[in-house]
Structures are given as C-alpha cells and as structure tokens.
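Here the structure is laid out as structure tokens; the discussion comes afterwards.
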Amino acid sequence: MPEPARIAIDLGAESCRVSMLRWHPSGPRFEIVYRIPNGPVHRGNTMHWPLDTILAGLEEGLRRAAETATEGIASIAVDGWSVDYVRLGPDGRPLRPPFCYRDERTEAVKQATDKRIPPQEFFARTGALPHRINTVYQLLADSEAGIDAHAPWVMLPEYILRWLGGRRVAEHTNATHTGLVSLKTGDWDAELFQLLGLSFEAAPPIVRAGAVVGKLQGPLASLAAFRDTLLIAPACHDTASAIAGIPSSLDSTLYICSGTWSLVGTLISGPITTREAFDAHYTNLGAAGGSLCFHSIVNGMWLLKQCMDAWSAEGRAWKIEDLIAQAAKASFPGIIDVDAEPLLLDSGMPERINHQLSLRGLATIPDVAGNEPAFARVIFESLADRYAIALASLEHLLGRKLDRIHILGGASRNKLLTELTEQRTQRPVEIGHPESSTIGNFAVQLAASESNGQPVAAEAIRKWAAVLSRS
C-alpha cells in the first residue's frame, strides 16, 4: 500500500497555493496543484482580504488534489502571512471580511496606545517589535469600526484549518506576531490584555507547531482521499515555515526571507530585548522546534509590485524577468530608505519613490515609458543597502560575525538583487528553495507524524527538510 499523500496550503499576499506531496520509488516529490491570485481589496476607505474568493479557490485546489491522490491524503496543514485575523459571529461564520494589515485604521490607535504603554515596555514583555500592523493594534481598532470587540477571533491560517473542520487555535509562531504573547510563559499575556481593555476570552488557545487540531469535516470529507485526513497546525507563520524548510543549520548564518516583506535575521536560543535591539528594529518571534526568529522587518518586493501595478494600469506592463534584466543595465540617481512610512502604503508608488529621492536631494525619475528599469534599480540597490545595515546591526547585537547569507522566498530568483546583496554585505550568498515555506510546512507534518503526540523537535524537522529539498 503506497504512503498517503499530504497537502500544504500556503496563503500569500499575492497568491495562495495548494501543494501536494506524494511518494514515488525515487522518493517524495511535491508539486503545486492549484494557485489562486490574491491581493487586498479596497472597500470604501478600507482594505480587506477577499476571503470568500480565497476559500472557493482552496476548495477547488483540494478537490483537484483528491482526484489525483488515489492513495489517500494523510494530512493538511496551512501557513500564511501573520497579524491578520477573522472575527467570528455566534454561528461561527466571519462577521466581515478580514482587514488587510496595510489598512490605515491602526495609525491613530497605535499613537494612542503608545501613550498608555511605552513601545519599549511592549517589546520587553512580548519580544515583538510594536509595529502598527501587529494584531494587537488591529484588535484595538475593531471597536471603532463597529465590530464586536468581544467576538472570538482566529488568525488567517488557523481560520482555514477551522474552516476545514479543526478547532479554533493560535499556533505559537503565528501567535507571537500579535504582540500579545508573554516571553516569560510563551502563552497569552493576560495582564496585557487587561491593561489594554482587550477581551481575553476572545483569544484562541495557543498550540505548538505540529499540533493535530482535528479531522477534515464537511463536504470535502465525503471524497475518498479525505476520509481519514488529519488537520495539522504547522509553523503557521509563513516565514517560520520557510525557515523550517532550510535543510542546513543556521549557525553563523543570516537569513533573508525576501518577498512582499524582507525579514533579515537569524535563529537564537533566547530572546534579546535590549534597548539596542529595540532601536535597531529587531523582533523576537516564534520558530518551529522551540528557538526564536530574531530579525528586522524590512520593506520588500511590495515596492516593485506596487510600481508594476501602477505601470500596468497605464498600459506599461512588464514581465518581472525583463524588468530585472533591464534594471541591471540602468543608471539610477541613488538609494532611498525603503522603510519610510509612505512606502508602506499602497498606490502611487513611483511618485512616493520620487518623493523619497527628493528628500535626499537626489534627482527624481520621470515616470514615463522606458524609465521603469531605473525605478527597479533604485529599489534593488536600496534593498541591498538595507540588508547590509541590518547585517551590521545584527552582528553588533550578537557580538559575533555571521559568515554567510541564505536568501529564500520568491525574490531569491532575482539574480540582480542577489548580486547587489553580495556586493554590499561582502558575504557569500546561497539561494534557498523558492518554495521553502511549502517544504517547511511538509517537514513539520512529517515530523509530527513521527512524534507520537510529543512536541516536534527542530532536528526532526531539519531531517525532513533535507529530504524534501532534494525532491
């Protein structure tokens, strides 16, 4: 009897994917079964995620997987971006489409909260950098949006698991992004909930990566392949899942998870919450297997995506490969601060970039046909420079040198950005698997199947990541 297949669902800000792992005589191999375009949608003055569209696409992907996997499907696990969540009504259905973290509703809430609890105190308690997109500020903003502040909530990847039939949980790597998890206990900080006036009862219980949260239920469960399918919480945060997908040890290694955001850091065994770490914008977040991801959150390929969307709307569409090739030959006026607040917002990105160039006394780039590669070159040069700054500050905080850089994520296929990163950091760069989050998702599922209900060990995850990276 062949080994049953497994499914990884990866929720991305630009696309959501259903991937399937199957066993062949030569070993395990996985492939993307179905891909769903994704992106935030404007609804009046707010931004939200098209949840119904995402769910319909995932159901289609799962049905296609079931048609193929006659050997059966042992488990499904879901990872995705952090901080966003779904509020549930008494019937268990969403009260409304979930807000996108880029919605500006949290700006005033963040400013008001900072007056009550200083940001460094937040950082010392939770290890999470108090960024305005964090779940805590979104939860506080709900009452102003007319949303029941006592309604139970669940973060997006875990919501998908619940939609499939699992119980409502928060997986630890994802929960740490809320800004509400205590560094001391690894559980929700009940006192912080009380200080902020948040409903503690509305929060889901925290589980660790690899926890089985139920069995597939509903119409999909009637399909032969899904009759005995377990639902597993992997490292539900996609970055933690991507790092779990790295087959080698990360000792003396800087990782760069380069996608919509760039996350630049390394794994550490214990939190660093010094004033220096806070000032350098580093954050301590959960990793699969018990360690911590210690990284700086840097703006990423969002900048280029926003530019390309703006150009496409004007009839100046580019293929990403062509744009990168032309950018390699383009002249550019200089670099900008990619983390400037206006660059975190959507729409009008070429104009925003020109404004940042002007603030630095640099020439602007006319936003006309033919100049798109110059904008791209500014973005890539600026990202590489920011990576070098992050590396220097990280080495200072750790008190030791990091010898190499491991880039993973979709932008790992950007040869120009990789070369610029090597030049500015003076470190060798190795390229990770472009689907590292999927590998990490599967690796946690497989390690969990061997753990007999015990916490999943980092070594077991790394073992499976090595096997899957070769598939």
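The values are calculated or read from the model by the stated rules, or taken from the named source; none is laboratory data. Remember, it's a predicted structure, so these values are computed and weren't measured experimentally. Because the Cβ atoms are built from the backbone with ideal geometry, glycine has one as well, and the counts that use them run over all protein chains shown. Heavy atoms of the whole protein, side chains included, go into the accessibility calculation; ligands, DNA and RNA do not. Shrake-Rupley method; radii C 1.70, N 1.55, O 1.52, S 1.80 Å.
Sort 135-142, 48-55, 90-97, 153-160 for me by packing, meaning the mean count of neighbouring Cβ atoms within 10 Å per residue, highest on top.
Highest to lowest by the protection proxy: 153-160, 135-142, 48-55, 90-97.
Counting pairwise Cα distances across segment 240-349, what percent come out greater than 22 angstrom?
Taking all Cα-Cα pairs of segment 240-349, the fraction more than 22 Å apart is 48 percent.
If we restrict to alpha carbons, what Rg and Dmax does segment 304-406 come to, in Å?
Taking only Cα atoms of segment 304-406, I get Rg and Dmax of 15.3, 50 Å.
Quick check on segment 252-304: take the gyration tensor over C-alpha atoms, sort the square-rooted eigenvalues as a ≥ b ≥ c, and tell me if it's rounded (a/c under 1.5), prolate or oblate.
Oblate shape, in that a/c is at least 1.5 and b/c is the bigger or equal ratio.
Carbon-plus-sulfur fraction of the accessible area of segment 9-117, 1.4 Å probe, in percent?
Details: 2280 of 4750 Å².
So the carbon and sulfur contribution to the accessible surface is 48 percent.
For segment 249-306, with all protein chains present and a 1.4 Å probe, just round the carbon and sulfur fraction of the accessible area to a whole percent.
53 percent
Given axes a ≥ b ≥ c from the Cα gyration tensor, I'd like to know whether segment 118-271 is rounded (a/c under 1.5), prolate (a/b larger than b/c) or oblate.
Oblate, because a/c is 1.5 or more while a/b does not exceed b/c.
Give the span of segment 55-132's Cα atoms along each principal axis, as three whole-Å numbers ordered largest to smallest.
Answer, in whole Å and largest first: 58, 27, 24 Å.
Take the alpha carbon atoms of segment 100-144, find their radius of gyration, then divide it by 2.2 N^0.38 Å using N residues; give the quotient.
Working: Rg = 10.0 Å, N = 45, 2.2 N^0.38 = 9.3 Å.
Dividing the Cα Rg of segment 100-144 by 2.2 N^0.38 Å gives 1.07.
What trypsin sites (Lys or Arg not before Pro) in segment 369-471 are in a loop by DSSP, with at most 15 other Cβ atoms within 10 Å of the Cβ?
Taking segment 369-471 and a limit of 15 other Cβ atoms within 10 Å, the loop trypsin sites (Lys or Arg not before Pro) found are Arg400, Lys401, Arg470.
Hey, any idea what Rg/Rh is for segment 320-468, computing Rh the Kirkwood way over Cα pairs?
Answer for segment 320-468: 1.08.
Roughly what % of DSSP beta bridges within the chain run antiparallel, to the nearest 5?
Just about 70 percent of them are antiparallel.
Kirkwood hydrodynamic radius (Cα pairs, Å) of the chain?
Details: mean 1/r = 0.0440 Å⁻¹.
Kirkwood radius, the chain: 22.7 Å.
At 0.890 mPa s and 25 °C, plugging the Kirkwood radius over alpha-carbon pairs of segment 1-72 into Stokes-Einstein gives what diffusion coefficient in µm²/s?
D, rounded to a whole number, is 182 µm²/s.
Using packing as a proxy for protection, rank 333-341, 124-132, 257-265 so that the peptide with the highest average count of other Cβ atoms within 10 Å comes first.
Result, highest mean Cβ count within 10 Å first: 257-265, 124-132, 333-341.
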